[in-house]
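**Q** One structure, as structure tokens, below. Some questions next.
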Amino acid sequence: MELKHQILRILEENRGNTVNGAKLANELYVTRSAVWKAMKALQKDGYHITAVTNKGYCLLSQNDIISAESIRPYLKGEAIDFELDVRQQVTSTNTLAKEMAANGAREGTVLIATEQTQGRGRMGRNFYSPQSSGIYFSIILRPKLNLEDSLLITTAAAVAVAQAIEAVAGVKAEIKWVNDIFVGEKKVCGILTEASLNFESGSLEYAIVGIGINIETRDFPEEIKQVAGSIFEEKPVDSPITSVLVAEVLNNMAKCMNSITDKEYLEAYRSRSFLINKDIIVIKGKETVNAKAIDIDEKARLVVAYEDGRIEALNSGEVSVRAIK
């Protein structure tokens, strides 16, 4: 690991507290001059680091530059073992994560970016992913599930994100089946799950869970502002809020994936669903049908009742739905 990143790890673990330069040098087996040069490089990268004579260096609390080192202090439980790959700009975290998974990347590899130039959503839609407005990341999973149960992964991810938003931002997060998170009446997060199937066994070879969260709405085009919101009106400046949010999602994902077949999270999903008991429009290709959402079943399908009395459990890959206002 490059010296700059070793020092950043220690500063992040002691954020807001002074770290003695001589002790840093001894711990890392380098000269104090090398420590000083690494500090200067970090400051050039935008980190607010103070240097006090005879005391040492302090990473100030208002830094919100995301890195593997900034996320790790907030990981808990099995999420501690996640492998973090943080980049500034990518085409699509899901596209790159699929390539990584196909090349053997282990379960728990997480690709994180502050900007996507070709962000993707469900049904081939674009996902607007500008710099400094949100955080975008994809998690590589290798669950022991068949294709029929793959919808449970998206369901678990939605619960993980909603719980993280509530914990970090202190706002109520609701879920629009199957993969959108809303705060108020606006979408603040989209989730895209893609999988590779082992045709011989009929089980998943790997799954990629892509998550995009709007932290604050900045420079959004007017047409997107109509439907997209953010978890904060203005991002807090006195804490590494982005790193805390990502870590909280990963902590929740690790717990959810442990109980994915037990489906313990389904009740949390149902309680946050704002479609249940509402009139909706079911969209199948070019056909639209009025219905009422009545439940989320044990396979995470949306159960609807049509006006003619028919009951159907919808699979997310086949339809879209929207509430009737």
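The values are calculated or read from the model by the stated rules, or taken from the named source; none is laboratory data. Treat the numbers as computed from the prediction; the structure is a model and nothing was measured. When we count neighbours, we look across all protein chains shown, and the Cβ atoms used for this are built from the backbone with ideal geometry, even at glycine.
**Q** Among the candidates Asn277, Asn290, single out the residue that is without any contact (Cβ under 8 Å) to a residue 60 or more places away in the chain and either in a strand (DSSP E or B) or among the basic types (Lys, Arg) (or both). Steps first, please.
**A** Numbers: Asn277 fails: either in a strand (DSSP E or B) or among the basic types (Lys, Arg) (or both).
None of the other options fit; the residue is Asn290.
**Q** Hey, another quick one. Taking the options Ala247, Ala313, Ala305, name whichever one is under 21 Å from the mean Cα position of the chain (by Cα) and modelled with pLDDT of 90 or more.
**A** On the way: Ala313 fails: under 21 Å from the mean Cα position of the chain (by Cα); Ala305 fails: under 21 Å from the mean Cα position of the chain (by Cα).
Sole residue among the options that is under 21 Å from the mean Cα position of the chain (by Cα) and modelled with pLDDT of 90 or more: Ala247.
**Q** Which one of these is of a type outside the set (D, E, K, R), in contact with an Asp or Glu (Cβ under 7 Å, 6 or more places away or on another chain) and surrounded by 18 or more Cβ atoms within 10 Å (Cβ to Cβ): Ser133, Ser138? Break it down into steps so the answer makes sense when it comes.
**A** Working: Ser138 fails: in contact with an Asp or Glu (Cβ under 7 Å, 6 or more places away or on another chain).
Criteria check complete, one pass: Ser133.
**Q** Condition first: farther than 16 Å from Glu205 by Cβ, touching a strand residue (DSSP E or B) at 6+ places or on another chain (Cβ under 8 Å), surrounded by fewer than 21 Cβ atoms within 10 Å (Cβ to Cβ) and basic (Lys, Arg). Now tell me which residues in region 80-128 satisfy that.
**A** If the condition is that a residue be farther than 16 Å from Glu205 by Cβ, touching a strand residue (DSSP E or B) at 6+ places or on another chain (Cβ under 8 Å), surrounded by fewer than 21 Cβ atoms within 10 Å (Cβ to Cβ) and basic (Lys, Arg), then Arg87, Arg122 are the ones that fit.
**Q** Oh, and also: Could you say whether any residue in region 204-211 is among the β-branched types (Val, Ile, Thr), modelled with pLDDT under 90 and either more than 25 Å from Glu69 (Cβ to Cβ) or assigned to a strand (DSSP E or B) (or both)? Break it down stepwise before answering.
**A** Filtering region 204-211 down to residues among the β-branched types (Val, Ile, Thr) leaves 208-209, 211.
If we keep only those that are modelled with pLDDT under 90 as well, we get none.
No, the conditions are met nowhere in region 204-211.
**Q** Only one residue in Val244, Val209 is surrounded by 16 or more Cβ atoms within 10 Å (Cβ to Cβ) and out of contact with any strand residue (DSSP E or B) (no Cβ under 9 Å at 6 or more places or on another chain). Which one? Even if it seems obvious, please write down each step before you answer.
**A** Details: Val209 fails: out of contact with any strand residue (DSSP E or B) (no Cβ under 9 Å at 6 or more places or on another chain).
The match here is Val244.
**Q** Considering only region 147-156, I want to know if a residue exists there that is at pLDDT 95 or above, in the same structural domain as Leu197 (by TED's automatic domain parsing) and within 28 Å of Glu267 (Cα to Cα).
**A** Within region 147-156, the first condition is being at pLDDT 95 or above, and the residues that meet it are none.
No, region 147-156 contains no residue that is at pLDDT 95 or above, in the same structural domain as Leu197 (by TED's automatic domain parsing) and within 28 Å of Glu267 (Cα to Cα).
**Q** A follow-up question, please. Could you say which residue among Lys235, Lys263, Lys325 is under 18 Å from the mean Cα position of the chain (by Cα), basic (Lys, Arg) and modelled with pLDDT under 90? Can you show your working first?
**A** Working: Lys263 fails: under 18 Å from the mean Cα position of the chain (by Cα); Lys325 fails: under 18 Å from the mean Cα position of the chain (by Cα).
Sole residue among the options that is under 18 Å from the mean Cα position of the chain (by Cα), basic (Lys, Arg) and modelled with pLDDT under 90: Lys235.
**Q** Let me ask you something else. Of these, Gly184, Gly229, which one is touching a Gly at 6+ places or on another chain (Cβ under 9 Å), farther than 24 Å from Asn63 by Cα and not charged (D, E, K, R)?
**A** Working: Gly229 fails: farther than 24 Å from Asn63 by Cα.
None of the others qualify; the one that does is Gly184.
**Q** Can you spot a residue in region 97-112 that is among the polar types (S, T, N, Q), assigned by TED's automatic domain parsing to the domain that holds Ile211 and closer than 14 Å to Ala247 by Cα? Break it down stepwise before answering.
**A** Here is the first cut: in region 97-112, the ones among the polar types (S, T, N, Q) are 103, 109.
Okay, now just the ones that are also assigned by TED's automatic domain parsing to the domain that holds Ile211, so 103, 109.
When the remaining residues are screened for being closer than 14 Å to Ala247 by Cα, the result is 109.
The answer is yes, given that some residue of region 97-112 is among the polar types (S, T, N, Q), assigned by TED's automatic domain parsing to the domain that holds Ile211 and closer than 14 Å to Ala247 by Cα.
**Q** Is it fair to say Gly121 is in the same structural domain as Gly212 (by TED's automatic domain parsing), in contact with a Ser or Thr (Cβ under 8 Å, 6 or more places away or on another chain) and in contact (Cβ under 8 Å) with a residue 60 or more places away in the chain? I'd like the intermediate steps shown before the answer.
**A** Values: in the same structural domain as Gly212 (by TED's automatic domain parsing): yes; in contact with a Ser or Thr (Cβ under 8 Å, 6 or more places away or on another chain): no; in contact (Cβ under 8 Å) with a residue 60 or more places away in the chain: yes.
In short, no.
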